[in-house]
């Protein structure tokens with residue numbers, strides 16, 4: 001952990017000297033724009049998304065950021081929707097360099113509103129305002145899709161990092177708007193004796209069409225000694241004996257998941 005913090009302090013000292021620069025090695029690994037294949041009627045989504053996002057977030061033309069588009073049917077109609085992820089790591093470093101205590105910002109993993117997602121509604125052909133996920137920008141958001149609320153469309157699962165912990169947010173689209181219905185940790189206290197991790201399973205719903213979310217304890221894979229715990233992504237495996245810790249079920253009247261006390 002000390003080595004990890006020392007390396008982040010070195011980055012900040014470099015930024016204070018060359019205020020608007022970041023290392024060339026970092027930027028080689030950071031693509032500015034990526035896009036999955038989209039239906040022919042949405043071939044202009046990449047440019048539409050880029051213009052919309054730069055306007056909504058007031059991103060200057062010289063800022064390097066990442067943008068990725070992930071398509072799926074998210075509301076049950078016959079149109080393809082999309083989740084658009086945005087990461088502003090360079091901007092986070094610049095803000096840290098301008099702060100009163102840059103070293104503290106590095107120690108906290110540059111936490112702030114630098115990771116965003118947007119929802120593209122295929123039927124309306126519109127992109128939502130930004131939805132910020134306060135997190136560490138050292139890793140971009142990760143998105144996956146599951147049939148949880150319904151068999152006819154997917155829900156959105158977004159993973160994000162806070163220092164040496166990872167969280168998973170669950171969203172479903174209601175009335176053209178993504179709504180968060182659940183949150184839990186993927187892992188916590190990585191690299192310490194108190195480290196924990198979890199696995200998610202989806203089973204037939206107890207009280208509605210939406211599936212129950214069943215959480216069990218996992219087992220962390222081996223972590224390299226010199227791993228940066230703020231960005232290392234561990235493997236999470238099943239334990240030899242499955243141990244279900246919690247079962248959450250969806251209540252439509254509350255539009256969220258709950259469990260018994």
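The stretch between residue 235 and residue 180, if pulled fully straight at 0.36 nm per residue, gains 17.2 nm over its current Cα-Cα span.
Taking other C-beta atoms within 10 Å as the exposure proxy, 86, 214 rank 214, 86 from fewest upward.
The slack between residue 243 and residue 147, meaning 0.36 nm per residue of separation minus the straight C-alpha distance, is 32.2 nm. Ordering 58, 149 by the number of other Cβ atoms within 10 Å of each residue's own Cβ, fewest first, gives 58, 149.
Taking a point 7 Å from the Cα of residue 99 along the Cα-to-Cβ direction, the residues of the range 111-150 with backbone N closer than 20 Å to it are 111-116, 132-141.
Fewest neighbouring Cβ atoms within 10 Å first, the residues 75, 159 line up as 159, 75.
Maximal additional length on extending the residue 77-residue 189 stretch stands at 36.2 nm, based on 0.36 nm per residue less the C-alpha distance.
Highest-first packing order for the peptide set 245-253, 120-128 is 120-128, 245-253, based on the mean count of other beta carbon atoms within 10 Å.
Coordinate-derived values only; no laboratory data. Quick caveat, the model's predicted, so the values are computed rather than measured. Cβ coordinates were reconstructed from backbone atoms using ideal geometry, including for glycine residues, and neighbour counts include every protein chain displayed.
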